[in-house]
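S.K.: Pasting a structure below so you can have a look.
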Amino acid sequence: MSERRALLVVDVQPTFCEGGALPVAGGNAVAQAIAEYAAAHRDHYALVVTTQDWHIDPGRHFATPPEEPDYVDTWPPHGVAGTAEAELHPALADLAPDASVRKGQYAAAYSGFEGTDGEGRTLAQLLDGVTAVDVVGLAESHCVKETALDAVRAGMSARVLSDLTAPVTPEQGELARAEMREAGVEITPSR
């Protein structure tokens with residue numbers, strides 16, 4: 001069986017970059033690097049899919065004042081549906097993905113496999129026939145990790161391109177990489 005590979009661009013949104021509600025250090029640089037990589041390597045992929053946090057009313061996922069977020073189960077409001085921060089990062093303006101998935105409308109959602117496109121199709125449905133994925137985006141320690149793990153669970157081989165992602169903290173990044181490797185996810189640079 002020949003390999004059919006997809007590029008999954010996970011949550012590259014201003015909300016997770018410097019100046020956003022829940023910034024990851026280096027987020028803007030990751031967005032630019034992904035845009036350059038995708039433009040140069042588009043012909044290597046059968047499909048390019050983006051995911052976005054698109055929170056309408058995610059319940060306990062958002063800490064509500066006076067509650068302080070614990071940054072484990074509760075977070076400051078971020079990726080609020082319909083805001084500029086929830087849109088794809090401007091660096092991806094020319095990406096032209098084959099499909100886009102939004103997740104977390106009414107609950108916490110870390111994996112892109114928890115989202116749907118505008119026609120209600122899940123990421124798994126969109127990836128029908130895909131045998132391998134490259135996962136990039138934000139944040140490595142959370143949504144990138146969960147998307148890569150779910151790809152493996154769905155029977156695909158998965159790689160995380162290490163120079164095209166960034167963790168919330170270095171420590172969380174180390175833990176995420178260990179968990180992904182243990183599950184069979186390959187961690188490799190894009191070049």
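The values are calculated or read from the model by the stated rules, or taken from the named source; none is laboratory data. Keep in mind the model is a prediction, meaning the values are calculated, not measured. For neighbour counting, all protein chains shown are included, and Cβ atoms are generated from backbone atoms with ideal geometry for every residue, glycine included. Heavy atoms of the whole protein, side chains included, go into the accessibility calculation; ligands, DNA and RNA do not. Shrake-Rupley method; radii C 1.70, N 1.55, O 1.52, S 1.80 Å.
S.K.: Which net charge results for the neighbourhood of Glu85, defined as the other residues with beta-carbon distances under 15 angstrom from its beta-carbon, given Lys and Arg at +1 and Asp and Glu at -1?
M.R.: Around Glu85, the charge tally is -3.
S.K.: Oh, and also: Based on DSSP H runs of at least 4 residues, each adding -39500 (n - 2.57), what is the mean residue ellipticity at 222 nm of the chain after dividing by all its residues, to the nearest 500 deg cm²/dmol?
M.R.: Helix contribution divided over all residues of the chain: -6500 deg cm²/dmol.
S.K.: Might you tell me the accessible area per residue for the chain, computed with a 1.4 Å probe and given in Å²?
M.R.: For the chain, the solvent-accessible area averages 46 Å² per residue.
S.K.: Round to the nearest 10 and give me the degree value, 0 to 90, for the angle of helix 170-183's Cα axis relative to the longest principal axis of the chain.
M.R.: The angle comes out near 40 degrees.
S.K.: Quick check: the angle from helix 27-41's long axis to the longest principal axis of the chain, C-alpha only, nearest 10 degrees?
M.R.: 20 degrees
S.K.: Hey, any idea what % of the chain's accessible area is carbon plus sulfur with a 1.4 Å probe?
M.R.: 52 percent
S.K.: Select from Val160, Ala139, His78 the residue farthest towards the positive end of the dipole of the chain; place +1 on Cβ of Lys and Arg, -1 on Cβ of Asp and Glu, and compute about the Cα centre.
M.R.: So the residue we want is Val160.
S.K.: Using only Cα atoms, figure out Rg for segment 110-191 and give it as a multiple of 2.2 N^0.38 Å.
M.R.: Normalised Cα radius of gyration, segment 110-191: 1.05.
S.K.: Which shape class applies to segment 1-73: rounded if a/c is under 1.5, otherwise prolate when a/b exceeds b/c and oblate if not, where a ≥ b ≥ c are the square roots of the Cα gyration tensor eigenvalues?
M.R.: prolate
S.K.: What shape does segment 14-127 have by the C-alpha gyration tensor, where a ≥ b ≥ c are the square roots of the eigenvalues, rounded means a/c under 1.5, and otherwise prolate means a/b greater than b/c and oblate the rest?
M.R.: Judged from the Cα gyration tensor, segment 14-127 comes out oblate (a/c at least 1.5, b/c at or above a/b).
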